[in-house]
Every structure is written in C-alpha cells, then in structure tokens.
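Peer 1: First, the structure itself, so that you have it in front of you.
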C-alpha cells in the first residue's frame, strides 16, 4: 500500500477519497466502518458549496440568529449568512461511493500496532492480518491513537448535550426559517441566587436547528471550559430552558453527547505518523469548528502526500516529515496561536464578559467575524484588524480582562501574540487592510 488511513470519520473518508482519486493504493481501516457518524454537523453554506457538498445538506436556513441577553435583553442579532445541517448518512455515503469508485480498500477491523521500518510500516490488525504501507495517516480524531503530542497546557473542552426530538407543534418560540446559532440568555437560571451564580461562572448557550414545526434539534453548549461541564448539568439546563419557552417535547429520537478538546499543545511535528483532522490539532481553538476546514484541506493534504512519496520513495520518515511541514507551516501555526489566545481568554471569563465580547464580535464586518470562525484570517494584519475591531466595539470590562490575559501570558506569550498579528515573515502580506484597498474586508452583511 502507499497509504493506510486509520479512521473513517469525515476527515478519514475525505482524505481517503482524495488519495484514491490520485491513483494511489490506499486502505482505510476502522472497526466502525459501517457505523453512522454521531455528531449533528452544522455548517456555513458558503464553506461547503465550493466543495460540491451542498446536496448533502438536509436543511438550509437563510439566516442565523444570536441572542446575548444581559443588558442587551431580547435584542436579536441577525446574521445574513445561510447555515445548513449536514445529512450525516448522505455525506458518508458520498465519500464511501468515491472511495469505491477509485478502488480504495476498506478494512472493517481495528489496528493493533505499528512497526516502522526505513521505507515501510507494518500495520498489524486485530484479525491477525498485516498491511505493508509507505505512510500511515491517523484520522482517529481526539483519541489520537498513533499521533504523539507535545507537552503543554491541557486543552479546554467544548461540551454539549443535544436532543433530536418531536415537539408539540406551535411550542417552538422562534421562526422556523432561522437557525438559532447562539442564545446566551439565562432567564431560566434565575430562580435562586445559587443558580444566578452558577450561570455567571459557567456560561452555556443553546443552539437550535429546527426542521419543521414538530421536529427540532436542541443543544445546550458550553463553548469552552476546563474541566468540561458535565453532561448532566447541560441536560438540566436544556430542559429548564425549554420549560421556560413552553416547548413541549413529545419524543426524543436521539441524544447527543459532544466532547471536543480545543487548543492546548500541538502535535509533535514532524513525526513518523501523519495526523489529519482532530488528531492533527485542526480544531479551531476558540470555536470548536473543524468539519469544513478538514474537508477543504483534504485535497491539499492528499497532494502533499503524493509529492512526499514521490520525493522520498525509500525514506518513509522523510515523506511523513514533508507532509507535516506542509500541514503546519509557520504561517498556519501563527494563525492557530492567535485563535488559541482567543480560546484561552474565552475559557477564563464569566457570562457577563462573554456576552459583551460576542456583542462586539458579531457587529464586525462579515469577512472579519466570518473569517475568524472559518480559519480565513490568513494574514497577520487581518487578525490585527479583527482584534482592534473587537477592542473598539466592546466594553471597558472586556478590554481590561483581555489586557490582563495578555499581560499574564508573560514574555513568551507576548512574543507569540505579537508574531500572530505582525507581518514578520517573508511571505506575509505587508499591506495594511483599509477600506480603500480592501473594501470587501470592511463590508457588513
């Protein structure tokens, strides 16, 4: 084999299909190959449409909405950016069909161990068989089965409890043609001083994808915390919120327990096993988004693997190193450093400051807030403009806590943050964005 991909989640199947399309001898190995994907994926339509995956969306809402609560009360922020819900069965079938078309070998078995040699790796499987391959790619997500990580700060965790359910028609209090992206209002947590304190110290929001008047997906989410918010607490808060709304749950079809490590240490790079998706640290450190980015990177990563194996036909370690260097360049590392600072900041503040931060975030021009969420703020000056925009629009309380977070990060943190927003590398754009030279960067939805 040229490549063995371990894991058949979205990252694994997308990369496997791209490698197969290039005519490489590929095997995808996963004991859960026939098991459906668990998470209910929501995506911005403009991210998946260029990938030809719009037909894999089961529902599209023309707008997404945000409620902050607090001093903003019931004020609604409308984001005129279409949002879609992935049809998990359909998109998995799409990638499996592509894998079949290109002759990919699918192995429904677990990997027991890896034995690395100079030009090959022996992949020993639980059924006693063995695969010889030039390169192994770990797509096992957050379990990181074969990828080594650096020592460093423990990641924060995004935890969410969700239900796909039938409800009594007419008891959902919002328009069905709007997706509710984030609602931080906490009226349901004000029956006692203890609940008020809990809500302030441990902020959570609800995320809702309505299919129709009688079928809705609700999810109570802790954006980032360490330790993670327990699922029982999220479930309790979700049902208290639904009770306040008067939403009557008739039947629960599915419960979702979502646990996403965010930020923290990076994978050791380079190393012999290549990572992709969650195992490669591709989760956005401040938002938890990864699906669209991973699907977008699958083609480039497959090309990088193809180049690496051609350049290093007898040196598997050198080939793996080439892929890692393409995946995590100095530029993408500095982009992650900026997002990582944001994630650590959001982890450290309470509900009041969180509301004020996001109140400033979503009034920014679309390419700035949308670029941050979608890994599109590639140039340092773009990130600097984004950061200054949040600073200008937010409260003095948030400015103070942001400044304190930066100060307490120490000299290494100051250098890291400065490198993330200043064009210090040769390939960085030196043009400072302005309304005259980058009008689209300052355009609001």
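The values are calculated or read from the model by the stated rules, or taken from the named source; none is laboratory data. From a predicted model like this one, the values you see are computed outputs, not experimental measurements. FYI the Cβ positions are ideal-geometry reconstructions off the backbone, even for glycines, and counts take in every protein chain you see.
Peer 1: Output the residues belonging to region 244-268 that are in a loop (DSSP other than H, G, I, E, B) and surrounded by fewer than 21 Cβ atoms within 10 Å (Cβ to Cβ).
Peer 2: In the first step, residues of region 244-268 are kept if they are in a loop (DSSP other than H, G, I, E, B); the result is 246-248, 263-266, 268.
Answer for region 244-268, where residues must be in a loop (DSSP other than H, G, I, E, B) and surrounded by fewer than 21 Cβ atoms within 10 Å (Cβ to Cβ): 246, 247, 248, 264, 265, 266, 268.
Peer 1: Quick check on residue 12: is it under 24 Å from residue 309 (Cα atoms), touching a strand residue (DSSP E or B) at 6+ places or on another chain (Cβ under 8 Å) and in contact (Cβ under 8 Å) with a residue 24 or more places away in the chain? Before the answer, list the steps.
Peer 2: Working: under 24 Å from residue 309 (Cα atoms): yes; touching a strand residue (DSSP E or B) at 6+ places or on another chain (Cβ under 8 Å): yes; in contact (Cβ under 8 Å) with a residue 24 or more places away in the chain: yes.
The answer is yes for residue 12.
Peer 1: Sticking with this structure for a sec: Just one of (1) crowded, with 22+ Cβ neighbours inside 10 Å; (2) assigned by TED's automatic domain parsing to the domain that holds residue 137 trips up residue 25, so point out which.
Peer 2: Every listed condition holds for residue 25 apart from (1).
Peer 1: Can you report the number of residues in region 270-295 which are out of contact with any strand residue (DSSP E or B) (no Cβ under 6 Å at 6 or more places or on another chain), part of a loop (DSSP other than H, G, I, E, B) and crowded, with 21+ Cβ neighbours inside 10 Å?
Peer 2: The number of residues fulfilling the criteria is 5.
Peer 1: Follow-up question, since we're still on this one. Just give me the residues in region 410-445 being over 25 Å from residue 341 (Cα atoms) and surrounded by 12 or more Cβ atoms within 10 Å (Cβ to Cβ), in sequence order.
Peer 2: Selection gives 438, 443, 445.
Peer 1: Looking at 319, 339, 302, 280, which is the one that is within 24 Å of residue 405 (Cα to Cα) and in contact (Cβ under 8 Å) with a residue 40 or more places away in the chain?
Peer 2: Numbers: 319 fails: within 24 Å of residue 405 (Cα to Cα); 302 fails: within 24 Å of residue 405 (Cα to Cα); 280 fails: within 24 Å of residue 405 (Cα to Cα).
That would be 339, the only listed residue that is within 24 Å of residue 405 (Cα to Cα) and in contact (Cβ under 8 Å) with a residue 40 or more places away in the chain.
Peer 1: Before we move on, is residue 386 free of Cβ contacts under 8 Å to residues at least 24 places away in the same chain, farther than 28 Å from residue 138 by Cβ, outside the structural domain of residue 185 (by TED's automatic domain parsing) and crowded, with 18+ Cβ neighbours inside 10 Å? Before the answer, list the steps.
Peer 2: Details: free of Cβ contacts under 8 Å to residues at least 24 places away in the same chain: yes; farther than 28 Å from residue 138 by Cβ: yes; outside the structural domain of residue 185 (by TED's automatic domain parsing): yes; crowded, with 18+ Cβ neighbours inside 10 Å: yes.
So residue 386 passes the test.
Peer 1: Report whether or not residue 69 is modelled with pLDDT under 95 and out of contact with any strand residue (DSSP E or B) (no Cβ under 9 Å at 6 or more places or on another chain).
Peer 2: Criteria not met by residue 69.
Peer 1: What do you reckon, is residue 414 under 26 Å from the mean Cα position of the chain (by Cα), over 27 Å from residue 329 (Cα atoms) and without any contact (Cβ under 8 Å) to a residue 60 or more places away in the chain?
Peer 2: No: the conditions fail for residue 414.
Peer 1: Of the conditions (1) in contact with a strand residue (DSSP E or B) (Cβ under 7 Å, 6 or more places away or on another chain); (2) in a helix (DSSP H, G or I), residue 371 satisfies every one except a single condition; which number is it?
Peer 2: Going through the list (1) in contact with a strand residue (DSSP E or B) (Cβ under 7 Å, 6 or more places away or on another chain); (2) in a helix (DSSP H, G or I), residue 371 breaks only (1).
Peer 1: Can we say residue 103 is surrounded by fewer than 17 Cβ atoms within 10 Å (Cβ to Cβ) and not assigned by TED's automatic domain parsing to the domain that holds residue 141? Reasoning before the result, please.
Peer 2: Numbers: surrounded by fewer than 17 Cβ atoms within 10 Å (Cβ to Cβ): yes; not assigned by TED's automatic domain parsing to the domain that holds residue 141: no.
No, not satisfied.
Peer 1: Suppose we filter region 295-314 for residues that are under 30 Å from residue 43 (Cβ atoms) and over 29 Å from the mean Cα position of the chain (by Cα); how many remain? Lay out the reasoning, then the answer.
Peer 2: Restricting attention to region 295-314, the residues satisfying the condition of being under 30 Å from residue 43 (Cβ atoms) are 295-308.
Still in the list and also over 29 Å from the mean Cα position of the chain (by Cα): none.
Number satisfying all stated conditions: 0.
Peer 1: Output the residues belonging to region 317-328 that are in a helix (DSSP H, G or I) and touching a strand residue (DSSP E or B) at 6+ places or on another chain (Cβ under 9 Å). Walk me through how you get there before you give the answer.
Peer 2: At the first step, the residues of region 317-328 found to be in a helix (DSSP H, G or I) are 317-327.
Across region 317-328, the qualifying residues are 317, 319, 320, 323, 324, 327.
Peer 1: In region 296-316, what residues are surrounded by fewer than 23 Cβ atoms within 10 Å (Cβ to Cβ), outside any loop (DSSP other than H, G, I, E, B) and touching a helix residue (DSSP H, G or I) at 6+ places or on another chain (Cβ under 6 Å)?
Peer 2: Answer for region 296-316, where residues must be surrounded by fewer than 23 Cβ atoms within 10 Å (Cβ to Cβ), outside any loop (DSSP other than H, G, I, E, B) and touching a helix residue (DSSP H, G or I) at 6+ places or on another chain (Cβ under 6 Å): 299, 304, 309.
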